[in-house]
Each structure stands twice: as structure tokens, then as C-alpha cells.
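The block underneath contains the structure these notes are about, expressed in C-alpha cells.
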Amino acid sequence: MHKLPFDTVLIANRGEIAARIIKTLHELGLRAAVAYHEIDAGTPAVSMADLAIPISGRTPIASYLDIAQIITAAQKANAGAIHPGYGMLSENAEFASRVIKAGIAFIGPTPETIALMGDKIRARNFVQRTGFPVVPCAIEEDDPATFVSRALAIGAPLLVKPSGGGGGKGMRIVRDLATLKTAIEQARSEARRYFGDGRVYVERYIESPRHIEVQVLGDSFGKLVHLFERECSVQRRFQKIIEETPSPALSPELRTRICETAVGIARAANYQNAGTVEFIFSGEEFYFLEMNTRLQVEHPVTEMITGVDLVAEQVYAAAGRELALSQSDIVSNGHAIELRLCAEAPERGYVPTTGKVLVLEYPDGVRIDSGIMQGQDLTPAFDPMLAKIIVHSASRTEAALKAHRAVRQLVLLGCETNANLLARILRDEAFLSGQFHTGYLEDNPHLAADNFEVEMSAFLASAALLMKPVRESADAVPGLHAALGGWRN
Ligand code: ADP
């Protein structure tokens, strides 16, 4: 193999994904540099990097979104390439093109492809024109004057979505068409608040669907392959929390159809590097939802079943190498499940929680992509996802058992998390049977609201305090009462 054209890569990201990218860079013999805001000084990525360059801004997020500062950091690090991770600047076509103009390789698709496929509206129009199935929709910008009447013509139920959005934020279901106008206005003001962009569109709301997506990988020579699908239907507020592969919902024929459709869409877009084509799946039908022109949070499950290191493939593709894998080389082996560990309280409407990582012990024998370490403050400055637990087994049943054991073994003191919810899902009959859809958590509120573990800890603590000797020694140590709150974690 020829040497890569760069020896240092700057990661324009933070948290677990920055740490995960560093691992592969080191395996490839490359130097890893990170640009970081001071709030992240005590995180794994900063301690693992060969070089850490401080950036600053009005807010921590604003620093990571500051294109000029990121490019300067790359130049300071003598980096020949930038990996954008996910979120942040990863789907910003202007960023990709300024990186390239600065003579630095962008680890992702071309700016033109990002501009086309990273924009929801342009992408769905393009996919529809290319002849692939999309959900019926009305786009405001096409003709604002007729927007509402075009939306009404689709018929209920409808989903109002922000055009410039992401992360499931700002979407509204409309079942009664009389409320459509109000819903549009509410969605618009929410979209303005979240994304600084009040554009919205309306789509047919598919009842009880699944979210299934396909990983694709391309090079600059026109070679394009898929690495099978991921099932991402376990969601809260339109956001994924458990992903797995293979999907329990697909027959071999449907799997072939959906994977080939994804490759067809990516090929039409002249897609290079790693990307994900997302579909809404219902009955035997699937519809294009969007394409993510970057590495996806849940990419590890694909790596587990295929043995392909997607970050390494991204680096090779950006370095101009021809894809070494052919479709027939990519084989799916066993079953993988990923759990997203988040700083949030499911029993209180999934509100984000904060704290400090006082004690952190991860389970053995599973893959952990972690963005936190002991002593770190957990602030509301970023997304609440802290780490991912990824398991791989021969069958789905075994993988669910292994994932359950892992989440039960995890110890994180100092901040409330969704760990108990994840454990309950992995024991739930509907999940284990594979019969679930994106409304699964909403339809089963007991999974989030059931506070059994929390109550049990409080009960045991009270029982222990009622025993005289314990009470006496407890009274002698005033701090004990204060410390009880942390047990539940
Ligand atoms: P975002 O970019 O905000 O994540 P997506 O378009 O990817 O938004 O949708 C996120 C989730 O919203 C999907 O996984 C699915 O659960 C739900 N969803 C999106 N579009 C539809 C639809 N037309 N019908 C039903 N559910 C939908």
C-alpha cells in the first residue's frame, strides 16, 4: 500500500466521536489533533490526542462551529486532513469547501454532494426526480401562496417538519386538518429558535413505521457498496436510543431491495466516502427520508457485523485511494446492538441532567465508545449523549442478553442517566419479539416512568437507617444522608 498523503488529521469535534476517530487514526499510524473548547479539557479526546489546540467562542458550541478557527487550528497542527465527525460542521458544504481551498483534505463527500444530499429539501426533490420512493409532501418554498392548500391535499395525518432542522427537533404531528395552520406557525417559531431558520415543509405522517437506514461507502472512482441496514426504531421524541443490525423486520428479499435502493440513490448523487440513506418503512413499503452525508452515531453496529472499520475507510477514500472492498466481500455476521447512554431523566420527560462523573466503571467484554471520564463535569452545553455500549453476539436473543448484562454492570455515579430505561427495554417482550415501531416508547410509557429501581434504592436506604446500629453510626457521620441521593445511579 502507498503511504497516505497526510500524517496528521485534525478532528473538528468532541465527545465520544472524537475519541473514536482518534483510535482509528492511531491504528493507521497517523497523528491525531483536536481543536477543543476549554470546557472539554478533561475529556477523553483531549487526553488521547497527540496535539490539542484550544478554540474559543461566545458559547462552547459556537467555538466548534467557527470555521475560521477550525481551519487555523488545522494549520497550526500541520494537519493534512480534517475529520468533521457528526453534527457540528459535518454537513456544512461551505466548511468542506473552505477546508479544501485551504489545501486540506476533507474526510467526507465533496462539497457539491453535501450541498445536494445534506439539505433535506434538495435531497428529497432529487431522490424523487431520480425515481425512488419518497413520502408525499408539500414544500413551502416551492410556492408559499399555495403551501397550505397543497398540504391539505395530501390529507391527514400530516407531519410538519423544519427544513433546516435535525435531531428530531421541532416536528409536529397533525391529525385534525383544522389545526394545520396553527401547527405550521408553531413549528416555524420553534424552528427559528432551534436552527435560526423558520422554513418548514409538510409530509404525510406514516403511522407506526420503522426507521431503517443503510450504510453506504464510495470512493472517488465511482465504486460504491452498501454495508447492510441498521434498525433505529427505538426512539424517544423522534431521536434514536437503541440501534441494531440486522433489522428484525426485513426478509432477505426486502433487505436486498432496501440496500440496493440506497446504493442507487447514492450512485445517482455520485456519492464518495461514507454515508447513510435513511428510510421510513411500513408494511412492505419504504420511503426515502434523508441522507446523512457523514459518519453516523450508530455506525459501530455495522462495524461489528461486517468487521469493516468505517473511519479507516473514510480516511482512505479522502486520501484518494480506491475502495478495496467489493460488495461480495462484505458479509454480515451475527447481531449487534448499540445503546446510547444519555444524561437525561426518562421518568421526567427525558429532561437533560447534569452532574459530575464521580465514579465510572464500564462493563468488560463489550465495545464502549465513551466521551466521558472520571472527574469530568457534565454540563448542559452539549448533546446529552455520554457514551455508547455496543455488543456483538451470534443471535439477536444473545445480543439483547449481553447488552442487558452490560448496562446492569455499568457504574456511573454523579449524574442521573437513562441506564435503567435501557435495561428495561432489553427485557421488554415487545422489544425482544422484534415487533416494535418508532412509537414504541410513547405507547409504553411505563418503561420510562417506572421508577422501581430508584424507589427500591430509597426504600433499602430507609430500611437500613431504621436498624438501630446502622442509624447510630449513620448519625455519627452526617455526610451519609446527603450521599444517599447518588445511590440510584
Ligand atoms: P431528523 O433529521 O430531525 O432526525 P428525520 O427526517 O430523520 O428528522 O426523522 C426523524 C424521525 O422522525 C424518524 O426516525 C421517524 O421516527 C420520524 N419521522 C420522520 N418522518 C416521518 C414520517 N413521514 N412519518 C412518520 N414518522 C416520521
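Annotations
- Straight-distance candidates among the lysines for linking to K3, with alpha-carbon spacing under 29 Å and chain neighbours fewer than 8 residues away dropped: K23, K76, K101, K223.
- Share antiparallel - DSSP beta bridges, the chain, percent rounded to 5: 80 percent
- Net charge over other residues, Cβ less than 9 angstrom from the Cβ of K120 (K, R count +1; D, E count -1): +1
- Size estimate for region 4-103 follows the Kirkwood approach: the inverse of mean 1/r over distinct Cα pairs works out to 13.1 Å.
- Once you reduce region 36-66 and region 133-158 to the center of their Cα atoms, the two points are 42 Å from each other.
- Listed by number, the DSSP H helices of the chain that run 18 Å or longer by alpha-carbon position along their axis and have mean Kyte hydropathy of at least 1.0 are 452-466.
- Electrostatic bookkeeping for V366 treats Lys and Arg as +1 and Asp and Glu as -1; over the other residues with beta carbon under 11 Å from its beta carbon, the sum is +1.
- Cα pair distances in region 7-57, grouped into 10 Å bins until the bin that holds the longest one, percent each: 31, 58, 11, 0
- Hits among lysines - C-alpha to C-alpha of K402 under 19 Å, sequence gap 8 or more where chains match: K388
- Using the average count of surrounding beta-carbon atoms within 10 Å as a protection proxy, the listed peptides 38-45, 117-124 rank, highest first, as 117-124, 38-45.
- Note on surface exposure: R150, R294 rank R150, R294 by accessible area, highest first, 1.4 Å probe.
- Point-to-point label distance, T354-L177, nm (Cα→Cβ direction, 7 Å offset): 4.7 nm
- Where only alpha carbons of region 321-446 are counted, the Rg and the Dmax (Å): 16.6, 51
- Kirkwood's formula applied to the C-alpha pairs of region 197-241 gives a hydrodynamic radius of 13.7 angstrom.
- Dimensionless Rg ratio for region 136-204, taking C-alpha atoms and the 2.2 N^0.38 Å reference: 0.98
- Tail beyond 29 Å, pair distance distribution of region 210-448 (Cα, percent): 30 percent
- Ranking by accessible area, most exposed first, for M291, M48 with a 1.4 Å probe: M48, M291
- Extension gain, H446 back to A430 (0.36 nm per residue minus Cα-Cα distance, nm): 4.5 nm
- Global size of region 249-329 as Cα Rg and Dmax, reported in angstrom: 13.5, 41
- Under 16 Å from the Cα of K161 - lysines, other chains or at least 8 residues apart: K120, K169, K181
- One quarter of the surface of the convex hull around the alpha-carbon atoms of the chain equals 24.7 nm², the direction-averaged projected area.
The values are calculated or read from the model by the stated rules, or taken from the named source; none is laboratory data. Just so we're clear, the structure is a prediction, and the values are computed from it rather than from any experiment. For neighbour counting, all protein chains shown are included, and Cβ atoms are generated from backbone atoms with ideal geometry for every residue, glycine included. Ligands, DNA and RNA are excluded from the accessible area calculation, which covers all protein heavy atoms including side chains. Shrake-Rupley method; radii C 1.70, N 1.55, O 1.52, S 1.80 Å.
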